[in-house]
Amino acid sequence: MVAMAGMRNQMAVSASMRAFAGDERVGYRRKGYAVTEAARTTLLTLDDLSVGQRFTSGSHALDAAEIKAFAAQYDPQPFHLDDAAAKDTLFGGLAASGWHTVAITMRLLVQAGLPLKGGIIGSGGTIEWPRPTRPGDVLTVESEVLEIKPSRSRPDRGTAVVRSETRNQRGEVVQVITMKLVVPRRAVAIDVR
């Protein structure tokens, strides 16, 4: 029973990954998202990764309406909702919620920016927002593998530490996220003697 549930979950994840990885049958192109050919690459296991390996996502164009819609639902603060009110804040103008930038970053990573088998599954990390994301910004994510560590207790997986910088069209970093990810390994033979 557990094995069947696991297979169903794996099939659901596989279908989900195809949806984000560019399977035309699902319709992966959405407003504001540009998907590169990298979306069609092979999904990688821990064994396929190397320290220093880099990935670049597609891009996402952000406008004021999208910033305000996200903020209205998830982070209703004046500097995310109202141009005039935002002028008198620390930001000096309308700025996207940091959580909106995180959500866009995740979407870009899942679509084409970090092709990991089994999905992008975090077990911890840090986030920094060195400058605000603004209306008109076009965001791209550049990621680098910093560390790889096979699990000693679970030979079917390990962890990879990945640093992802979300940049605007001017190359300015608007977000840095360092993630500790759980990544499956290639099938391993288990000695049952």
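The values are calculated or read from the model by the stated rules, or taken from the named source; none is laboratory data. Since this is a predicted model, take the numbers as computed values, not measurements. Cβ coordinates were reconstructed from backbone atoms using ideal geometry, including for glycine residues, and neighbour counts include every protein chain displayed.
Every condition in (1) more than 26 Å from residue 62 (Cα to Cα); (2) in contact (Cβ under 8 Å) with a residue 24 or more places away in the chain; (3) surrounded by fewer than 17 Cβ atoms within 10 Å (Cβ to Cβ); (4) not polar (S, T, N, Q) is met by residue 184 except one, and the failing one is (3). Check whether at least one residue in region 44-59 is touching a residue at least 40 places away in the same chain (Cβ under 8 Å), β-branched (Val, Ile, Thr) and buried (at least 17 other Cβ atoms within 10 Å of the Cβ), and report yes or no. So far as region 44-59 goes, yes, one or more of its residues are touching a residue at least 40 places away in the same chain (Cβ under 8 Å), β-branched (Val, Ile, Thr) and buried (at least 17 other Cβ atoms within 10 Å of the Cβ).
Residues checked against (1) surrounded by fewer than 22 Cβ atoms within 10 Å (Cβ to Cβ); (2) within 23 Å of residue 61 (Cβ to Cβ); (3) within 11 Å of the chain's Cα centre (by Cα):
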residue	(1), (2), (3)
112	no, yes, yes
120	yes, yes, yes
124	yes, no, no
142	yes, yes, yes
148	yes, no, no
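Of note, residue 70 does not satisfy the criterion of being in contact with a Gly (Cβ under 8 Å, 6 or more places away or on another chain) and at negative phi. The criterion of being outside any helix (DSSP H, G or I) and on the phi > 0 side of the Ramachandran plot does not hold for residue 122.
Consider region 162-189. How many of its residues are of a type in the set (Lys, Arg) and more than 16 Å from residue 102 (Cα to Cα)?
Qualifying residue count, region 162-189: 3.
The condition of being in a strand (DSSP E or B) and either at pLDDT below 50 or under 29 Å from residue 183 (Cα atoms) (or both) holds for only one of 16, 57, that being 57. One residue stands out in region 74-123 among those that are among the β-branched types (Val, Ile, Thr) and in contact (Cβ under 8 Å) with a residue 40 or more places away in the chain: the one that is farthest from residue 164 (Cα to Cα), namely 121. Evaluate the following for residue 133: is it over 26 Å from residue 156 (Cα atoms), part of a loop (DSSP other than H, G, I, E, B) and modelled with pLDDT of 95 or more? Yes.
Regarding region 40-50, can at least one residue be identified that is at pLDDT below 95, among the hydroxyl-bearing types (Ser, Thr, Tyr) and outside any loop (DSSP other than H, G, I, E, B)? No: zero hits.
Counting only residues that are surrounded by fewer than 23 Cβ atoms within 10 Å (Cβ to Cβ) and of a type in the set (S, T, N, Q), which one in region 87-110 is nearest to residue 178 (Cα to Cα)?
This residue is 97.
Considering the conditions (1) of a type outside the set (A, V, I, L, M); (2) exposed (fewer than 15 other Cβ atoms within 10 Å of the Cβ); (3) at pLDDT 95 or above; (4) out of contact with any helix residue (DSSP H, G or I) (no Cβ under 8 Å at 6 or more places or on another chain), residue 193 is excluded by exactly one of them, (3).
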